[in-house]
Amino acid sequence: MFSQRTLAIRMVFIVAWKYDIAVVGAGGRVGLPLSLVLVESGFRTVGLEIDKEKLHLLNKGQMPFYESEADEILSKHIVGQTGRLLFTEDYSLLTDCESIIIVPGTPLANDYTPDTSQIRDVFAKAIEHIRPNHLIILRSTVSPGTTDQIREHLKSQLSSEVFDSIDIAFAPERLLQGHAMKELYELPQIVGAFSERGYKRVALIFEKLGVEVLHVKPIEAELSKLFANNFRYIQFAIANEFFSICESLNVNFGRVREATNFNYSRSTIPYAGYVGGPCLGKDAWLLIKARGCHPSQSRLISSAYEINENLPEIAIQIAKKMIGTLTGKTVLVLGITFKRDSDDTRESPVHRLLNLTENEFVGNLVIHDPFAEPEDLKAKVAAADVIFVGTNHSQYDDAAFLKHAKPDCLIVDVWYQLNPHLGHAYFAKEIG
Ligand SMILES: NC(=O)c1ccc[n+]([C@@H]2O[C@H](COP(=O)([O-])OP(=O)(O)OC[C@H]3O[C@@H](n4cnc5c(N)ncnc54)[C@H](O)[C@@H]3O)[C@@H](O)[C@H]2O)c1
């Protein structure tokens with residue numbers, strides 16, 4: 001029999017972890033803000049990252065991408081050497097971390113099936129460092145059933161003593177890039193845990209960020225993340241479908257949308273616009289493929305995908321309808337990132353607009369983007385025969401730069417950002 005004191009000492013010994021949390025994929029758009037918020041909330045945090053370039057930057061206290069308000073916090077801990085945040089590629093440190101949050105990329109393969117290679121690589125590297133009582137939280141967006149598969153995989157790889165002592169959960173990330181440092185303190189966390197004990201351990205982490213936490217099954221949490229993104233994706237497709245109907249009837253969709261939504265809470269039609277990026281289009285396919293192998297089994301989502309993907313094609317058709325041909329013209333595309341005020345060009349729908357424009361044998365294809373190609377907006381506008389608004393960055397909200405455009409320059413703006421009154425296609429000389 002142990003005395004109370006011996007038991008207390010044993011407990012302290014068992015839970016004496018050197019670090020509280022490891023974030024795997026810590027140099028990523030999700031992993032990095034999460035690591036920063038965790039360390040700010042008092043957790044001793046290890047960021048595991050295999051990309052050497054990102055590691056190099058992070059260890060100098062520099063952000064590898066833009067995320068509002070993140071630089072100061074990174075610099076505070078790395079340059080200021082608080083000793084509570086460490087970035088490394090050394091997986092052996094997992095042994096010293098009580099919890100492991102796993103958030104590598106989950107892109108699509110060329111055939112639109114999920115590419116889980118980054119997740120599989122994480123587990124291949126981590127497996128020998130998993131020890132009793134670890135809490136393992138998967139946070140990447142995954143197909144329904146993935147957390148169950150990972151649990152089975154771990155069961156087959158670990159001793160029963162270790163496997164029975166660990167907790168496994170899925171807690172999806174739902175933040176909006178650019179707003180991560182704020183939203184991580186606000187958004188409720190959905191925790192898919194296999195046990196009450198596992199749920200409570202995950203809840204303890206997120207409650208420290210001051211947010212609400214909800215316990216569901218892992219597959220329910222996986223689906224809820226996919227449903228949230230697909231709901232948005234389908235809403236954007238509805239707007240793009242309505243835009244396309246208005247376009248063929250020569251009606252200003254912006255005005256119809258405004259009228260439809262005007263003080264009428266049952267109508268919340270979003271803007272039309274190019275939709276894509278590393279999440280929405282990909283997550284559509286995670287759901288389509290979850291139901292079976294053929295898109296016809298998920299018609300609503302497949303149609304949303306077709307509609308959203310087709311918008312660049314419609315924009316090109318609009319331009320050709322107005323000026324006959326794009327061949328030989330100087331075409332300027334404003335904004336190439338996948339969404340407003342982000343520097344992320346991954347899976348940007350504007351790539352498709354650029355490809356389609358090039359296919360028209362344009363004379364000169366020019367790009368401006370405040371994050372990716374910020375130089376010479378005025379000069380680029382002055383030289384353009386056609387301007388497409390690709391991404392509705394806030395820098396373009398003030399359309400005064402259009403005064404530099406040639407009178408016959410055509411502007412195609414499916415966002416209705418630059419001059420909503422004139423619609424989605426007009427000539428510079430029409431601007432008052
Ligand atoms: N970007 C978003 O806005 C967002 C929002 C919500 C959810 N998600 C989901 O979060 C996940 C991550 O997305 P992201 O945009 O952060 O991706 P990302 O590519 O920016 O980040 C992933 C990071 O993981 C690293 N990595 C890959 N394999 C690794 C390994 N074996 N060990 C350590 N590090 C490894 C990569 O080098 C990269 O830095 C995806 O499933 C995505 O769908 C993303």
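Within the set of pairs 6+ apart or on separate chains, which have a first residue in region 168-197 that is crowded, with 23+ Cβ neighbours inside 10 Å and polar (S, T, N, Q), a second that is at pLDDT 95 or above and in a helix (DSSP H, G or I), and C-beta atoms under 9 Å apart?
So the pair list comes out as GLN177/PRO33.
Being under 22 Å from ALA372 (Cβ atoms) and of a type in the set (A, V, I, L, M) is the filter here, so list the residues in region 45-73 that pass it.
LEU57, LEU58, MET63, ALA70
So, PHE65, is that one at pLDDT 95 or above, among the aromatic types (Phe, Trp, Tyr) and closer than 20 Å to ARG346 by Cβ or not?
Spelling it out, PHE65 is indeed at pLDDT 95 or above, among the aromatic types (Phe, Trp, Tyr) and closer than 20 Å to ARG346 by Cβ.
Please tell me if SER265 is out of contact with any Gly (no Cβ under 6 Å at 6 or more places or on another chain), assigned to a helix (DSSP H, G or I) and among the small types (Gly, Ala, Ser).
No, not satisfied.
When you look at ALA383, is it surrounded by fewer than 20 Cβ atoms within 10 Å (Cβ to Cβ), modelled with pLDDT of 95 or more and more than 26 Å from ALA239 (Cα to Cα), yes or no?
Here the answer is yes, as ALA383 does meet what is asked.
Against the condition closer than 21 Å to GLY281 by Cα, in contact (Cβ under 8 Å) with a residue 12 or more places away in the chain and in a helix (DSSP H, G or I), how does ILE127 come out, does it pass?
Here the answer is no, as ILE127 does not meet what is asked.
Look at LEU184 and say whether it is within 13 Å of the ligand (Cβ to nearest atom) and either among the basic types (Lys, Arg) or more than 24 Å from LEU287 (Cα to Cα) (or both).
Values: within 13 Å of the ligand (Cβ to nearest atom): yes; either among the basic types (Lys, Arg) or more than 24 Å from LEU287 (Cα to Cα) (or both): yes.
Considered against the rule, which asks whether it is within 13 Å of the ligand (Cβ to nearest atom) and either among the basic types (Lys, Arg) or more than 24 Å from LEU287 (Cα to Cα) (or both), LEU184 comes out as yes.
Determine, yes or no, whether LEU356 is away from the ligand (no atom under 16 Å from the Cβ), over 21 Å from the mean Cα position of the chain (by Cα) and surrounded by fewer than 20 Cβ atoms within 10 Å (Cβ to Cβ).
Here the answer is yes, as LEU356 does meet what is asked.
Could you say whether any residue in region 320-329 is crowded, with 18+ Cβ neighbours inside 10 Å, more than 23 Å from PRO107 (Cβ to Cβ), over 21 Å from the mean Cα position of the chain (by Cα) and without any contact (Cβ under 8 Å) to a residue 60 or more places away in the chain?
Scanning region 320-329, I find at least one residue that is crowded, with 18+ Cβ neighbours inside 10 Å, more than 23 Å from PRO107 (Cβ to Cβ), over 21 Å from the mean Cα position of the chain (by Cα) and without any contact (Cβ under 8 Å) to a residue 60 or more places away in the chain, so the answer is yes.
For region 331-340, indicate whether the set of residues that are assigned to a loop (DSSP other than H, G, I, E, B) and either farther than 29 Å from VAL30 by Cα or among the polar types (S, T, N, Q) (or both) is non-empty. It would help to see each step written out before you state the result.
Within region 331-340, the first condition is being assigned to a loop (DSSP other than H, G, I, E, B), and the residues that meet it are 335-340.
So of that shortlist, the ones also either farther than 29 Å from VAL30 by Cα or among the polar types (S, T, N, Q) (or both) come out as 337.
Yes: one or more hits.
Among (1) surrounded by 22 or more Cβ atoms within 10 Å (Cβ to Cβ); (2) part of a helix (DSSP H, G or I); (3) in contact with a Lys or Arg (Cβ under 9 Å, 6 or more places away or on another chain), there is one condition SER298 misses while meeting the rest; what is its number?
If we test SER298 against (1) surrounded by 22 or more Cβ atoms within 10 Å (Cβ to Cβ); (2) part of a helix (DSSP H, G or I); (3) in contact with a Lys or Arg (Cβ under 9 Å, 6 or more places away or on another chain), just (1) comes out false.
Answer yes or no: is there a residue in region 133-152 that is surrounded by 20 or more Cβ atoms within 10 Å (Cβ to Cβ) and either of a type in the set (D, E, K, R) or modelled with pLDDT under 95 (or both).
Checked against the condition, which is being surrounded by 20 or more Cβ atoms within 10 Å (Cβ to Cβ) and either of a type in the set (D, E, K, R) or modelled with pLDDT under 95 (or both), region 133-152 yields at least one hit.
Here's the yes/no breakdown for (1) assigned to a helix (DSSP H, G or I); (2) within 16 Å of the ligand (Cβ to nearest atom); (3) touching a Cys at 6+ places or on another chain (Cβ under 8 Å):
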site	(1), (2), (3)
TYR112	no, yes, no
ASP121	yes, yes, no
ILE137	no, yes, no
HIS153	yes, yes, no
ASP164	yes, no, no
ILE190	no, yes, no
ALA203	yes, no, no
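The values are calculated or read from the model by the stated rules, or taken from the named source; none is laboratory data. Source: prediction; values computed, not measured. As a convention, Cβ positions derive from the backbone with ideal geometry for all residues, glycine included, and neighbour counts pool all protein chains shown.
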